[in-house]
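Participant: Encoded as structure tokens, here's the structure I'll be asking about.
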Amino acid sequence: MKVTFLGTGTSQGIPVIGSTHPVCLSSNKKDKRLRVSILVEWEDFTFVVDCGPDFRYQMLRANVSKIDGILFTHDHADHVAGLDDIRPFCFQMGEVPIYAQERVLDVLTQRFGYIFETENKYPGAPSIEKNTIDLNPFTLGTMNVIPIELMHGKLPIFGYRFNDFAYLTDVKTISSKEKEKLKNLKVLVINALQIRPHYTHLTLEEALELIVELNPGRTYLTHISHKLGFHDEVEKMLPPNVYLAYDELVLNI
């Protein structure tokens with residue numbers, strides 16, 4: 001399985017518009033982060049997790065010519081705002097399957113009403129096949145995927161486990177029951193927003209504590225804000241087998 005980090009930044013990305021913060025002014029490519037998303041590939045299958053406002057450029061930058069569907073973690077704008085940009089894939093394959101919990105599908109239907117219209121639909125609008133998922137495992141191609149319920153502040157959202165790889169973003173807390181689904185991972189991806197406390201996201205310290213508890217083989221931190229610090233400096237502070245993810249990083253698992 002191949003995992004490509006399409007974006008590793010928080011909701012504003014890095015650099016933040018108009019910011020003079022030193023990280024936003026950095027010339028290091030690893031300090032420039034699009035909104036968070038990954039590409040997961042195995043055999044002949046290609047799936048995207050989340051479809052944020054940078055989706056079009058992410059597809060071009062990663063040279064993605066086809067996808068088999070999109071999984072959504074939740075409905076916040078930095079994870080869904082690029083939905084209209086799936087049109088080239090729709091023109092190529094017809095309806096693009098999307099997978100999300102019912103609440104998220106309801107929000108997408110309201111927010112992108114013209115996409116989900118069933119009468120007098122604009123011919124150029126994207127075509128979507130809605131797939132409602134819950135906490136039960138489901139199949140994508142030849143892969144069994146396990147949803148993980150996470151708490152993003154008070155909002156229940158989903159992470160996903162693909163075999164020995166798990167992708168968790170926008171986490172603040174995880175219940176003991178859901179942690180059971182995260183045992184024996186080879187690779188964990190989890191968010192670490194910043195140093196200071198935040199009410200809906202893990203801080204670096206909280207993420208590292210959770211990593212010790214889950215004990216994966218390797219961990220990559222994502223959904224990073226400029227307030228975490230310079231990539232190279234933060235990475236030097238991390239314990240063994242914990243790394244900062246960066247845009248265009250590729251993992252072979």
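The values are calculated or read from the model by the stated rules, or taken from the named source; none is laboratory data. Please read all numbers here as calculations on a predicted model, not as lab measurements. Cβ: placed from backbone, ideal geometry, glycine included. Neighbour counts: every protein chain shown. Please note that ligands, DNA and RNA were not included when accessible areas were found on the heavy atoms of the full protein model with its side chains. Shrake-Rupley method; radii C 1.70, N 1.55, O 1.52, S 1.80 Å.
Participant: Regarding Val23, is this residue buried (at least 18 other Cβ atoms within 10 Å of the Cβ) and more than 23 Å from His226 (Cβ to Cβ)?
Facilitator: Criteria not met by Val23.
Participant: Kindly indicate the residue of region 207-242 that is free of Cβ contacts under 8 Å to residues at least 12 places away in the same chain and part of a helix (DSSP H, G or I) and also surrounded by the most Cβ atoms within 10 Å (Cβ to Cβ) among those meeting that condition.
Facilitator: By that ranking, first place goes to Glu235.
Participant: Out of everything in region 184-206 that is hydroxyl-bearing (Ser, Thr, Tyr) and touching a residue at least 40 places away in the same chain (Cβ under 8 Å), what residue ends up being surrounded by the most Cβ atoms within 10 Å (Cβ to Cβ)?
Facilitator: Thr200
Participant: OK, next. Among the residues of region 83-92, is any among the basic types (Lys, Arg) and without any contact (Cβ under 8 Å) to a residue 40 or more places away in the chain?
Facilitator: So in region 83-92, the residues among the basic types (Lys, Arg) come out as 87.
Still in the running and without any contact (Cβ under 8 Å) to a residue 40 or more places away in the chain: 87.
Yes, region 83-92 contains a residue that is among the basic types (Lys, Arg) and without any contact (Cβ under 8 Å) to a residue 40 or more places away in the chain.
Participant: Now for a separate question. Counting just the residues of region 103-126 that are in contact with a Phe, Trp or Tyr (Cβ under 6 Å, 6 or more places away or on another chain) and surrounded by 15 or more Cβ atoms within 10 Å (Cβ to Cβ), which one comes out farthest from Ile86 (Cα to Cα)?
Facilitator: Looking at the filtered set, the residue picked out is Val104.
Participant: Here's a follow-up. Kindly indicate whether any position in region 83-93 is in a loop (DSSP other than H, G, I, E, B) and either in contact with a Phe, Trp or Tyr (Cβ under 6 Å, 6 or more places away or on another chain) or open to solvent by 20 Å² or more (accessible area, probe 1.4 Å) (or both).
Facilitator: Scanning region 83-93, I find no residue that is in a loop (DSSP other than H, G, I, E, B) and either in contact with a Phe, Trp or Tyr (Cβ under 6 Å, 6 or more places away or on another chain) or open to solvent by 20 Å² or more (accessible area, probe 1.4 Å) (or both), so the answer is no.
Participant: Is it the case that region 51-69 has a residue that's closer than 30 Å to His231 by Cβ and touching a residue at least 60 places away in the same chain (Cβ under 8 Å)? Break it down stepwise before answering.
Facilitator: From region 51-69, those closer than 30 Å to His231 by Cβ are 51-65, 67; that's our starting set.
From the residues that got through so far, the ones that are touching a residue at least 60 places away in the same chain (Cβ under 8 Å) too are 61-62.
So far as region 51-69 goes, yes, one or more of its residues are closer than 30 Å to His231 by Cβ and touching a residue at least 60 places away in the same chain (Cβ under 8 Å).
Participant: Can you tell me which residues in region 134-151 are open to solvent by 10 Å² or more (accessible area, probe 1.4 Å), over 17 Å from Gly69 (Cβ atoms) and part of a strand (DSSP E or B)?
Facilitator: Glu149, Met151
Participant: Another question, if that's okay. If you take the residues in region 153-183 that are surrounded by fewer than 20 Cβ atoms within 10 Å (Cβ to Cβ) and under 21 Å from Leu108 (Cα atoms), which one is farthest from the chain's Cα centre (by Cα)?
Facilitator: Filtering region 153-183 for residues that are surrounded by fewer than 20 Cβ atoms within 10 Å (Cβ to Cβ) and under 21 Å from Leu108 (Cα atoms), the one farthest from the chain's Cα centre (by Cα) comes out as Lys154.
Participant: Looking at region 48-68, which of its residues are open to solvent by less than 10 Å² (accessible area, probe 1.4 Å) and either touching a Leu at 6+ places or on another chain (Cβ under 7 Å) or of a type outside the set (Gly, Ala, Ser) (or both)?
Facilitator: Selection gives Val48, Val49, Asp50, Cys51, Phe55, Gln58, Ile67.
Participant: Which pairs have Cβ atoms under 8 Å, sit 6 or more apart or on different chains, and link a residue in region 1-13 that is free of Cβ contacts under 8 Å to residues at least 60 places away in the same chain and over 17 Å from His79 (Cβ atoms) to one that is small (Gly, Ala, Ser) and open to solvent by less than 20 Å² (accessible area, probe 1.4 Å)?
Facilitator: Within 8 Å, no pair qualifies.
Participant: Moving on. Checking Ile17 against (1) surrounded by fewer than 23 Cβ atoms within 10 Å (Cβ to Cβ); (2) touching a Phe, Trp or Tyr at 6+ places or on another chain (Cβ under 9 Å); (3) not polar (S, T, N, Q), which test does it fail?
Facilitator: It is condition (2) that Ile17 fails.
Participant: Continuing with this model, one more query. If Leu25 passes every condition in (1) modelled with pLDDT under 95; (2) assigned to a loop (DSSP other than H, G, I, E, B) but one, which one does it miss?
Facilitator: It is condition (1) that Leu25 fails.
Participant: Determine, yes or no, whether Asp247 is under 26 Å from Val80 (Cα atoms), open to solvent by 60 Å² or more (accessible area, probe 1.4 Å) and either at pLDDT below 95 or touching a strand residue (DSSP E or B) at 6+ places or on another chain (Cβ under 8 Å) (or both).
Facilitator: In short, no.
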